[in-house]
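The values are calculated or read from the model by the stated rules, or taken from the named source; none is laboratory data. Computed from a prediction, not measured in an experiment: that's the story for all the values here. When we count neighbours, we look across all protein chains shown, and the Cβ atoms used for this are built from the backbone with ideal geometry, even at glycine. For the accessible areas, the whole protein counts, side chains as well, though only heavy atoms, and no ligand, DNA or RNA atoms are used. Shrake-Rupley method; radii C 1.70, N 1.55, O 1.52, S 1.80 Å.
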Amino acid sequence: MNSVSTESFPYTITYICQVLGMNEADVLALCQKAGIQPHREESTGRLFFRLRDLEILRNSNKGPQSGRNGTSHMVQAPMPPQASLEPAKSAYASMQKSAALGMSRSDLSNIVESVSNAKEEILKDLSQLLDDKLSGLDEVVVELIRSKSDNDALREELRKMEESRNQYQAELSKFKPAAFGFYRKES
């Protein structure tokens, strides 16, 4: 099954109705009058429109609803945010939730941008904190290696000293006490 691309079809019928200030039946009638064929998602049956379709609908709706000075009282539709385009199902679920909460697409875009900026700041602060904590680690590792090599050298020296002591004790044990505080060496 092919999901709807939010880049190709960023606007739902509900959003178009809000922007044009019309109900769904009037929007569909306007689509037929303007020759626009909305995209229908196979799994849910929901209708989606392209940006170009929205502009055509807006232009074809301008005539009857324009004021005396030729300006329309309709709300301008914001461009779809390119950085926060999600897969179709989650995008439409979030749009349903936002509609229930009374949020517009631009409000959602601002929230997503704020969360993204906060995430970037947190990652930057965490990276700086880790760098600060680990900055002395290199010196500690070098000191540890130097201490280990010193420890190995001292162990070797201790081993040699013990061998020397054992040799001297063996040599000393060859001397046996004789008369009048003298010692004689036995081979």
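Of note:
- Counting Lys and Arg as +1 and Asp and Glu as -1 over every other residue whose Cβ lies under 12 Å from the Cβ of residue 162, the net charge comes to +1.
- Charge tally in the Cβ shell below 14 Å around residue 119, where Lys, Arg are +1 and Asp, Glu are -1, residue 119 excluded: -3
- Surface composition of region 106-171: carbon and sulfur make up 58 percent of the accessible area, probe 1.4 Å.
- Local charge for residue 142 was computed over the other residues whose Cβ lies under 14 Å away, with Lys and Arg +1 and Asp and Glu -1, and equals -2.
- Protection proxy ranking of 19-31, 151-163, by the mean of other Cβ atoms within 10 Å over each peptide's residues and highest first, is 19-31, 151-163.
- Using the 1.4 Å probe convention, the accessible area of region 129-187 works out to 97 Å² per residue with neighbouring protein chains retained.
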